[in-house]
Every structure is written in structure tokens, then in C-alpha cells.
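Enquirer: The structure's right below; bear with me while I get my questions together.
Laboratory data are not the source of any read-out in this text; all were calculated from the coordinates shown. From a predicted model like this one, the values you see are computed outputs, not experimental measurements. Note that we place each Cβ from the backbone using ideal geometry, even for glycine, and neighbour counts take in every protein chain shown.
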Ligand code: ATR
């Protein structure tokens with residue numbers, strides 16, 4: 001039987017992870033099967049245990065289970081500890097290892113696919129939930145000139161910034177008036193509701209890049225706002241999805257697949 005992998009979530013039926021990992025398996029000549037695994041919202045542990053008992057080798061974890069997966073893992077990578085969330089579980093010799101490849105996925109998409117070096121850049125990260133927390137440490141490692149967090153509820157952004165030891169400044173959206181940033185990343189869930197975080201006009205520096213971690217058919221309100229502000233480089237989160245998967249594949253198999261080739265394929269499907 002080929003090695004078994006799955007993405008666990010709720011809902012999970014529309015996940016593109018099976019397609020991505022099957023493409024990676026073909027690229028690298030690895031024999032594996034990858035499927036979706038729907039867990040009841042109160043049944044993450046039971047579902048993961050059952051998968052593991054059946055010989056499953058690893059899981060990707062998506063909403064709403066990244067926090068539970070963090071507690072489920074017996075051993076954690078440094079980046080999973082920093083994120084306090086796990087999106088990749090590896091089952092090996094009876095041990096449950098938890099990792100988080102979301103931040104690496106974002107950074108790889110920005111630096112490789114979008115060819116945007118982050119060192120010396122003024123980065124603005126919107127949101128202070130799990131999605132933002134997961135990418136802070138990997139962004140800091142790129143040595144930006146500054147990392148600023150903005151959140152509707154500023155207390156949440158400030159307490160998140162404090163947990164990273166003062167290397168970050170944090171506040172509300174009003175505090176952004178009159179300031180400019182080179183890279184603005186939307187890690188809020190606003191796009192899901194068709195909403196736009198309350199950004200002031202003029203917040204994008206000349207040559208800025210706008211990145212929305214969400215993706216789907218059509219432009220998100222954040223990317224539409226950025227386009228309207230004259231931003232030339234716009235990106236949705238499809239590249240991050242592919243690159244976090246590539247990093248998970250590496251964690252499981254020790255082989256690095258070519259994310260860019262698979263991203264191109266997905267873009268064609270997205271635009272079809
Ligand atoms: P996730 O784990 O996906 O980050 P979350 O923990 O629920 O989800 O966090 C959602 C984030 O999106 C929060 O930062 C939230 O802002 P608040 O902390 O002020 O609630 C932000 N968010 C959601 N809708 C928003 C909107 N319409 N405008 C601005 N920020 C929004």
C-alpha cells in the first residue's frame with residue numbers, strides 16, 4: 001500500500017491540497033496517497049488517532065484545528081512553538097511530530113515566486129489572529145527594516161507584538177495615517193466576508209507589493225483597494241498554499257518539490 005497522507009479540517013471537501021501533493025508525488029517519483037479527512041468539530045483527536053492507527057504517515061491541518069493539532073503533537077518544531085499552531089503532523093516510529101510551514105510558505109512565495117527580497121523592507125501585517133501569528137517569526141528572520149502590526153482591536157496586536165519580544169510595533173488602523181510601507185500583507189479574515197480592513201489612502205509606498213493570504217475566484221477587496229491605490233504588484237494566497245504544501249512535503253519526505261510549476265497549473269485552473 002502507498003504511504004497515506006491527508007488534510008484534516010472542517011470543512012475540507014474543497015481543499016486543493018490533494019491535487020497539490022499528488023502533483024508533488026509525481027514530480028519526485030514518490031508513491032503516496034493523499035486525501036481529505038473531514039473531522040467533526042469536536043472530534044479532531046479521535047479522527048487523527050484513527051488515521052494514525054490505520055498506518056497514516058502524516059496530516060496537513062487546516063481550519064479550525066491548528067490549535068488542537070499544536071496540543072496533539074508530542075514534539076514541536078521551533079517555528080510551530082512560535083506560531084502556537086500546527087499545520088503539519090508527521091507520524092514516525094510511534095511519535096507525533098508537529099510543525100508549521102505556513103510562514104515558510106508565505107516567505108518562499110514572496111521571495112521566490114514574487115521575487116521580492118524582504119530584507120530592509122517596511123512590512124505591514126494586517127490582523128492579529130492565528131494567521132498573523134503564524135508568519136511573524138519567519139518574516140522577522142528575513143530582517144525587514146521594520147515589521148508593523150495593525151489590527152481593528154489594537155490590544156490584540158500589542159499583546160501579540162509583546163510575545164515576540166519587542167521587535168515589532170503594533171497599533172490600530174488610524175495610527176497608519178501618513179505612513180508608507182513596501183509590503184502590506186493581509187492576514188485578517190476580512191476578505192472572507194467581502195470586507196476591507198480600514199486602511200488609510202496613501203499607505204502603499206511607491207513600488208509596494210500587496211499580498212492577501214486569502215484566495216479565490218476574483219480579486220479580494222484588499223487587492224482591489226491596492227490596485228485602486230496604484231499598486232502594481234498584487235498577489236493572493238494561492239502561492240502561499242502551494243509553498244506551505246511544498247515545505248510540508250519536505251518535512252515528510254526529505255525532498256523539495258517544485259512549487260512554481262504546480263502554482264502555474266493551479267492559476268490556469270483558477271482563471272479557467
Ligand atoms: P485567523 O486565525 O484566520 O487569523 P482569527 O483569529 O479569527 O482568524 O482572526 C481574525 C483577524 O481578522 C483578526 O485580527 C480580526 O480583527 P479583530 O482582532 O479586531 O477582530 C481581523 N478581522 C476580521 N474581520 C475584519 C474586518 N472586517 N476588518 C478588519 N479586520 C478584520
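Enquirer: Which residues, taken from the range 239-265, are more than 17 Å from residue 110 (Cα to Cα), assigned to a helix (DSSP H, G or I) and more than 17 Å from the chain's Cα centre (by Cα)?
Expert: Within the range 239-265, 252, 253, 265 qualify.
Enquirer: Quick check on the range 43-57: of everything there that is part of a loop (DSSP other than H, G, I, E, B) and touching a strand residue (DSSP E or B) at 6+ places or on another chain (Cβ under 8 Å), which residue is surrounded by the fewest Cβ atoms within 10 Å (Cβ to Cβ)?
Expert: Per the stated criteria, the residue is 54.
Enquirer: Let me ask another. Is it the case that residue 217 is outside any helix (DSSP H, G or I) and either surrounded by 19 or more Cβ atoms within 10 Å (Cβ to Cβ) or more than 14 Å from the ligand (Cβ to nearest atom) (or both)?
Expert: yes
Enquirer: Anything in the range 161-207 that is farther than 22 Å from residue 119 by Cα, within 11 Å of the ligand (Cβ to nearest atom), outside any loop (DSSP other than H, G, I, E, B) and in contact (Cβ under 8 Å) with a residue 12 or more places away in the chain? List them, or say none.
Expert: Scanning the range 161-207 gives 190, 191, 192.
Enquirer: Can you tell me which residue is nearest to the ligand (Cβ to nearest atom) among those in the range 107-160 that are part of a helix (DSSP H, G or I) and more than 21 Å from residue 244 (Cα to Cα)?
Expert: First pass over the range 107-160, keeping only residues part of a helix (DSSP H, G or I): 107-113, 130-141, 154-160.
The next check asks that each one be more than 21 Å from residue 244 (Cα to Cα); those that pass are 154-160.
Values: 154: 8, 155: 9, 156: 5, 157: 8, 158: 11, 159: 11, 160: 9 Å.
Among them, the one singled out is 156.
Enquirer: Just give me the residues in the range 16-42 being surrounded by fewer than 21 Cβ atoms within 10 Å (Cβ to Cβ) and assigned to a loop (DSSP other than H, G, I, E, B), in sequence order.
Expert: Those that are surrounded by fewer than 21 Cβ atoms within 10 Å (Cβ to Cβ) and assigned to a loop (DSSP other than H, G, I, E, B): 16, 29, 30, 31, 40, 41, 42.
Enquirer: Among 122, 133, which is the only one that is touching a strand residue (DSSP E or B) at 6+ places or on another chain (Cβ under 7 Å), more than 21 Å from residue 221 (Cα to Cα) and surrounded by 15 or more Cβ atoms within 10 Å (Cβ to Cβ)? Show your work before the answer.
Expert: Details: 133 fails: touching a strand residue (DSSP E or B) at 6+ places or on another chain (Cβ under 7 Å).
From the options 122, 133, the qualifying one is 122.
Enquirer: Specify the residue that is nearest to residue 146 (Cα to Cα); the eligible residues are those in the range 91-106 that are in a strand (DSSP E or B) and within 18 Å of the chain's Cα centre (by Cα).
Expert: 99
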